[in-house]
Amino acid sequence: MKLDTKRHYLFVLALAGTLSATAVSAANAEEAPKWVPGEPYPTELLKNYPCHDYELPCGKMNSPPVERVVFKGPLQGDAERGEKIAINLRWGNCIACHVLPNHDGGTIGPSLRQYAARQAPLDYTYQRLWDVRYYNPNAHMPVYGPNKVLTHQDIVDVMTYLYAGK
């Protein structure tokens with residue numbers, strides 16, 4: 001009788017393991033994949049960005065027109081939030097091309113570590129962040145404002161971070 005009890009116990013364990021593995025895989029199947037910084041982008045999420053092909057009509061869309069903007073008011077942003085925007089891969093990603101205050105970064109663009117010491121006018125800095133093409137039509141920097149990548153407040157926060165940084 002003990003052998004049957006032992007077999008029954010092993011059967012129950014095996015069944016429980018199978019059921020829990022099925023439950024875990026079912027839970028994972030329902031959960032949308034998430035991108036983890038530093039890892040490849042999940043191909044299932046590419047459907048959110050249908051225009052990765054220059055042969056498709058959406059790949060032949062023109063860039064938005066160059067926007068000339070004027071910064072109004074005092075610089076009152078959140079430097080901590082601006083830093084988060086500047087170093088976040090999926091947000092501003094300034095760090096990909098620039099050395100930033102308190103952060104080593106890329107070297108494609110100029111270092112912004114001592115940006116405040118340059119005493120650049122706020123209007124100039126705002127324009128460069130909103131639409132760099134006004135000053136340099138061939139710049140490799142993203143067009144943050146017209147493409148609605150960053151909002152006015154996002155740019156003000158990044159500026160506050162740059163002007164406060166050392």
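The values are calculated or read from the model by the stated rules, or taken from the named source; none is laboratory data. Please read all numbers here as calculations on a predicted model, not as lab measurements. For neighbour counting, all protein chains shown are included, and Cβ atoms are generated from backbone atoms with ideal geometry for every residue, glycine included.
Values for this structure:
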quantity	calculated
First in the range 111-134 and touching a residue at least 24 places away in the same chain (Cβ under 8 Å), second anywhere and hydroxyl-bearing (Ser, Thr, Tyr) and assigned to a helix (DSSP H, G or I), Cβ under 7 Å, 6 or more apart	115/163; 116/163; 127/134
Filter pass, residue 104 being modelled with pLDDT of 90 or more and acidic (Asp, Glu)	yes
The one condition in (1) part of a loop (DSSP other than H, G, I, E, B); (2) modelled with pLDDT of 95 or more that residue 54 fails to fulfil	(2)
Residue pairs meeting the criteria (Cβ under 9 Å; at least 6 apart or on separate chains; first closer than 17 Å to residue 126 by Cα, in the range 59-78; second surrounded by 10 or more Cβ atoms within 10 Å (Cβ to Cβ) and among the small types (Gly, Ala, Ser))	67/145; 69/145
Selected residue (criterion: farthest from residue 63 (Cα to Cα)) from residues of the range 112-142 that are surrounded by 19 or more Cβ atoms within 10 Å (Cβ to Cβ) and of a type in the set (A, V, I, L, M, F, W, C)	112
Qualifying residues in the range 80-92 (those that are in contact (Cβ under 8 Å) with a residue 24 or more places away in the chain and buried (at least 18 other Cβ atoms within 10 Å of the Cβ)) - the one farthest from residue 40 (Cα to Cα)	82
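So that you can scan it fast, the table gives a plain yes or no per residue for (1) surrounded by fewer than 18 Cβ atoms within 10 Å (Cβ to Cβ); (2) within 30 Å of residue 41 (Cα to Cα):
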site	(1), (2)
63	yes, yes
71	no, no
76	yes, no
94	no, yes
97	yes, yes
